[in-house]
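All remarks here apply to the structure that follows.
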Amino acid sequence: MDLDPDVARWSTAPPLLRNGDDEYQLDFIVLTEGGSFLIDVGQEEPVPPIWLFAEIESMGHRYRSVAMIDFAESVRLRNAKDLLRYGFYRPPLGDRIRLLAGLEEMGSLTIAECLSAIQEGRPMPTLASLILQGFLEVDLDDDLLSPESQVRRIRG
């Protein structure tokens, strides 16, 4: 969700839902420009109680289920894991400005070209952090990230 541009905010603390003595705990609440979703994650496709849908709708949310088995071989998930290991890295301001200016001028650069432009910080952590912070974007879905992957500037 950190790498989904449609997600404005998310939390791992959705409300515990109750219907009489029955309780159901969902996994995430996700806010997008198009509305909010309560996300139910399971190894296989989750099978929630029938009353859950009306309860979620009455709260103004929509329900979405996620089966982890569907993501087992996902290129997006592998790329996300590679990037997220650099989530706490703080890139130097000079490198951020240099990369944004280069992308402004060129339109896009390869990962290899971006890495060679980084002078102050550690190249891969700097680039990954700028992607995670929403300054830069790469295609996470088609192939594993490589030196030839294209990097573009995100306009905020």
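The values are calculated or read from the model by the stated rules, or taken from the named source; none is laboratory data. Bear in mind that the values here come from a model prediction, so they are computed numbers and not experimental data. When we count neighbours, we look across all protein chains shown, and the Cβ atoms used for this are built from the backbone with ideal geometry, even at glycine.
Might you check whether a residue that is β-branched (Val, Ile, Thr) and at pLDDT below 95 occurs anywhere in region 73-95? Yes, the conditions are met somewhere in region 73-95.
Quick one: is Ala80 under 20 Å from Leu136 (Cα atoms) and either touching a strand residue (DSSP E or B) at 6+ places or on another chain (Cβ under 6 Å) or part of a strand (DSSP E or B) (or both)? Against the criterion (under 20 Å from Leu136 (Cα atoms) and either touching a strand residue (DSSP E or B) at 6+ places or on another chain (Cβ under 6 Å) or part of a strand (DSSP E or B) (or both)), Ala80 does not qualify.
Here Glu57, Glu104 are screened, and the one residue that is out of contact with any Gly (no Cβ under 8 Å at 6 or more places or on another chain) and under 30 Å from Arg18 (Cα atoms) is Glu57.
Yes/no per residue for (1) of a type in the set (Lys, Arg); (2) touching a Ser or Thr at 6+ places or on another chain (Cβ under 8 Å); (3) free of Cβ contacts under 8 Å to residues at least 12 places away in the same chain:
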{"site": "Arg64", "(1), (2), (3)": "yes, no, no"}
{"site": "Glu73", "(1), (2), (3)": "no, no, yes"}
{"site": "Ser129", "(1), (2), (3)": "no, no, no"}
{"site": "Val138", "(1), (2), (3)": "no, yes, no"}
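Restricting attention to region 12-41, the residues that are in contact with a strand residue (DSSP E or B) (Cβ under 9 Å, 6 or more places away or on another chain), surrounded by 11 or more Cβ atoms within 10 Å (Cβ to Cβ) and part of a strand (DSSP E or B) add up to 14.
Of all the criteria given as (1) under 27 Å from Val30 (Cα atoms); (2) surrounded by fewer than 17 Cβ atoms within 10 Å (Cβ to Cβ); (3) touching a helix residue (DSSP H, G or I) at 6+ places or on another chain (Cβ under 6 Å), the one not satisfied by Ala67 is (3). Which residue is nearest to Phe135 (Cα to Cα), if the candidates are limited to region 1-35 and must be under 16 Å from the mean Cα position of the chain (by Cα) and among the hydroxyl-bearing types (Ser, Thr, Tyr)? The selected residue is Thr32. When region 99-149 is filtered for residues that are more than 18 Å from the chain's Cα centre (by Cα) and part of a strand (DSSP E or B), the ones remaining, listed by number, are Ser108, Leu109, Thr110. Filtered by the rule that a residue be in contact with a helix residue (DSSP H, G or I) (Cβ under 7 Å, 6 or more places away or on another chain), over 17 Å from Pro147 (Cβ atoms) and either buried (at least 18 other Cβ atoms within 10 Å of the Cβ) or not polar (S, T, N, Q) (or both), region 103-129 gives Glu120, Gly121.
The single condition from (1) more than 30 Å from Tyr24 (Cβ to Cβ); (2) in the same structural domain as Leu17 (by TED's automatic domain parsing) that Glu105 fails is (2).
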